[in-house]
Amino acid sequence: MSEDVSIKKITRGSIVMTVGNRQITIQGEAYERGYGSPDFVAYLSSLKTWDPPHDQTPLDEQTRQKIVKGLKEKIAERQMTIEFEA
């Protein structure tokens with residue numbers, strides 16, 4: 001990704017990441033490691049807008065794909081696995 005991407009926080013129900021100067025919260029579910037499931041399942045339906053103060057800016061499909069790609073890369077760097085659901 002051309003913009004600076006980082007994960008700020010991972011909780012049981014979301015991942016908060018920054019893309020450039022904007023932040024987005026991706027809803028999902030964390031799973032316990034070692035049972036054949038991914039470490040986190042992210043809900044693509046939660047990728048609609050940025051977090052405030054940029055929440056009036058909807059995400060287009062190209063931006064959503066950039067966020068997904070960046071998230072996959074950052075999760076892999078942490079030696080974790082992620083899956084995406086609609």
(message) Can you tell me which of (1) of a type outside the set (A, V, I, L, M, F, W, C); (2) within 14 Å of the chain's Cα centre (by Cα); (3) surrounded by 13 or more Cβ atoms within 10 Å (Cβ to Cβ) is the one Ser37 doesn't meet?
(response) (2)
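Can you pull out the residues in the range 13-38 that are touching a Gly at 6+ places or on another chain (Cβ under 9 Å) and outside any strand (DSSP E or B)? Let's see the steps before the verdict.
Of the range 13-38, the ones touching a Gly at 6+ places or on another chain (Cβ under 9 Å) are 13-15, 17, 19, 27-30.
If the condition is that a residue be touching a Gly at 6+ places or on another chain (Cβ under 9 Å) and outside any strand (DSSP E or B), then Gly13 is the only one that fits.
If you take the residues of the range 40-70 that are closer than 23 Å to Asp4 by Cβ and of a type in the set (A, V, I, L, M, F, W, C), which of them is farthest from the chain's Cα centre (by Cα)?
The initial filter retains those residues of the range 40-70 that are closer than 23 Å to Asp4 by Cβ, namely 40, 42, 44, 46-70.
Now drop any that are not of a type in the set (A, V, I, L, M, F, W, C), which leaves 40, 42, 44, 47, 50, 59, 67-68.
Numbers: Phe40: 10, Ala42: 7, Leu44: 9, Leu47: 8, Trp50: 11, Leu59: 13, Ile67: 7, Val68: 6 Å.
Top of the filtered list is Leu59.
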(message) Looking at (1) surrounded by fewer than 12 Cβ atoms within 10 Å (Cβ to Cβ); (2) of a type in the set (D, E, K, R); (3) closer than 23 Å to Arg12 by Cβ, which one does Lys74 not meet, given that it meets all the others?
(response) (1)
(message) Condition check: surrounded by 13 or more Cβ atoms within 10 Å (Cβ to Cβ) and either of a type in the set (Lys, Arg) or touching a helix residue (DSSP H, G or I) at 6+ places or on another chain (Cβ under 8 Å) (or both). Does Val5 satisfy that?
(response) yes
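Every number in this text was worked out from the coordinates using simple rules, so none of it is lab data. None of these values were measured; they are calculated from a predicted model. Note that each Cβ is placed from the backbone with ideal geometry, even for glycine, and that neighbours are counted across all protein chains shown.
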